[in-house]
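Before any comments, here is the structure.
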Amino acid sequence: MLIDTTDYLSWDAVEMARLVRTGEVCAGDLAETALALADALPGLNAVADRAPRAPDRPAPAGPLAGVPFAVKELLAWPGLPWTMGSRLLRDNPPPGLSPYAARLQEAGLDVLFSTTSSEFGLLGSTESALRGVTANPWRAGLSAGGSSGGSAALVSAGVVPMAHGNDGGGSLRVPASLTGILGFLPSRGRCAPAGPDVPGLPALVVEHCMSRTVRDSAHLLAATERTGPDAVHPPVGLVEGPDAARLRIGVLVPTLLGAEPEPAVRRELERAAGLCASLGHTVEEVGIPGVDGAALRDGFFTAAAQTMAEVAQMAAGALGRPPGPEELEPFTLELAEWAATLTPEHSAATERAFTAAARAYLRVFERCDVVLSPTLARVSWPVGHLSPAAGRETLVRRTEEAVGYTPVHNVAGCPAMSLPLGRHDGLPVGIHAAAAPGADRRLLALAHELEAAAPWAGVRPDTAWLARPA
């Protein structure tokens with residue numbers, strides 16, 4: 001039975017779990033309502049594949065039992081093809097559950113969909129040859145961001161209260177900023193890893209979610225963080241509200257490549273800093289000396305190229321020929337071809353750049369507890385701006401222009417988050433906050449405080465235009 005849409009949209013995941021636990025709502029009805037909402041918004045194009053529904057499914061168990069959920073198509077899940085957003089893997093069956101996926105399953109989440117991503121999570125816009133363009137529910141023609149754009153769009157549109165994403169340089173926080181929701185990046189190693197430990201770009205990827213409320217993100221983190229002898233950091237546990245301690249908040253204005261944000265973005269950063277000061281925190285502008293933003297950028301794209309070269313090599317073994325434009329997008333092919341020109345020195349330079357950037361960035365936490373900045377240097381960008389067909393050099397330039405704040409946190413292992421605190425011309429503007437590795441509790445407590453001071457969960461896009469195909 002469908003639930004009243006107004007009621008459904010007013011509940012976050014924690015409330016849905018409570019209603020299921022007390023018997024006030026049936027988990028099947030929540031799922032039916034989420035599926036109907038997804039079907040009613042064909043123009044969103046955020047669902048990659050729909051999970052099979054067994055008629056005799058057992059009653060859900062776990063702290064988030066029965067909550068409708070979606071996983072990004074880069075995460076293997078039973079019953080869903082593991083596509084990685086690529087035509088190359090269109091029919092790739094999922095392997096066994098990864099440790100992180102097992103934690104999601106143990107939490108009791110009802111996975112209804114996989115969600116769209118850029119191919120192999122490479123680009124900051126979700127417009128793939130496999131799936132097409134995922135819409136930003138706030139306005140036609142704008143990118144939903146990437147690579148976790150499908151999950152962000154579903155949460156922003158209200159189809160599910162929260163959804164999985166992962167982040168190797170901003171892939172949770174970028175789409176969260178563009179779609180007006182919370183994107184939280186835990187400390188590296190905090191949660192169960194997505195799979196085996198591997199060097200290079202995959203080692204920077206952290207799993208978590210995007211949500212409308214802070215408590216949803218906090219509850220999922222408590223359910224999925226590693227505890228016991230394999231824990232990398234002391235457990236956070238459940239963070240249920242603000243802390244009494246006042247923080248030293250350093251405000252970072254330019255990107256780590258020295259670019260100034262758009263004036264509208266800077267105004268929203270100043271408003272957020274003023275809000276923090278009004279709550280009693282000490283706020284002052286900081287710089288991050290010693291971070292070579294250009295070397296960091298080059299390192300990310302070098303690592304991505306080498307990873308794609310390995311993918312192309314494995315594909316060639318399966319296909320009996322090198323993969324071509326029927327299997328891989330232009331940008332992916334360009335990266336793989338470029339990787340053939342790289343030498344071992346390029347790999348060594350990448351490692352040096354990552355190590356130096358992490359060391360220099362972490363020094364800022366000797367002077368402050370939290371770094372506040374924009375999530376993105378731009379309010380938004382149009383579909384096509386980061387298209388995989390735009391050309392490698394153009395995509396590198398456009399990515400660095402917009403996404404100059406987020407990548408360093410992955411190499412430094414920091415927890416970080418994009419908060420939907422800003423607005424400009426009817427569009428959301430994300431404000432970014434980061435802390436030292438292991439200080440996830442500090443960030444979640446601050447997020448609770450800012451959410452209470454400037455509530456955002458009820459601010460939603462008008463999705464009527466998505467009821468017809470784009």
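Read-outs throughout are calculated quantities, based only on the coordinates presented, and are distinct from any laboratory measurement. From a predicted model like this one, the values you see are computed outputs, not experimental measurements. Don't worry about glycine lacking a Cβ; one is built from the backbone with ideal geometry, like all the others, and counts go over all protein chains shown.
Across the options Ser114, Asn136, Trp456, the greatest Cα extent toward the positive end of the charge dipole of the chain (unit charges at beta carbon of Lys, Arg, Asp, Glu) belongs to Trp456.
In terms of overall dimensions, the C-alpha atoms belonging to the chain reach 63, 60, 49 Å along their principal axes, ordered largest to smallest. Over region 96-230, what is the relative contact order in whole percent, taking alpha-carbon pairs under 8 Å and six or more residues apart? Reported relative contact order: 24 percent. Across region 230-243, computed HN-Hα scalar couplings (Karplus, 6.51 cos²θ - 1.76 cosθ + 1.60, θ = phi - 60°) run 8, 6, 7, 10, x, x, 7, x, 8, 9, 9, x, x, 9 Hz from first to last residue, x flagging Gly and Pro.
Calculated mean residue ellipticity at 222 nm for the chain: -11000 deg cm²/dmol, from DSSP H runs with n ≥ 4 weighted as -39500 (n - 2.57), summed, divided by the residue count and rounded to 500.
Packing, as the average of other Cβ atoms within 10 Å across residues, places the peptides 115-128, 41-54 in the order 115-128, 41-54, highest first. Where a ≥ b ≥ c are the square roots of the eigenvalues of the C-alpha gyration tensor, would you call region 332-405 rounded, which needs a/c under 1.5, or, failing that, prolate if a/b is larger than b/c, or oblate? Oblate is the answer for region 332-405, as a/c is 1.5 or above yet b/c matches or exceeds a/b. For Leu130, the residues 5 or more places off, or on other chains, whose built amide H falls under 5 Å of its own are Arg87.
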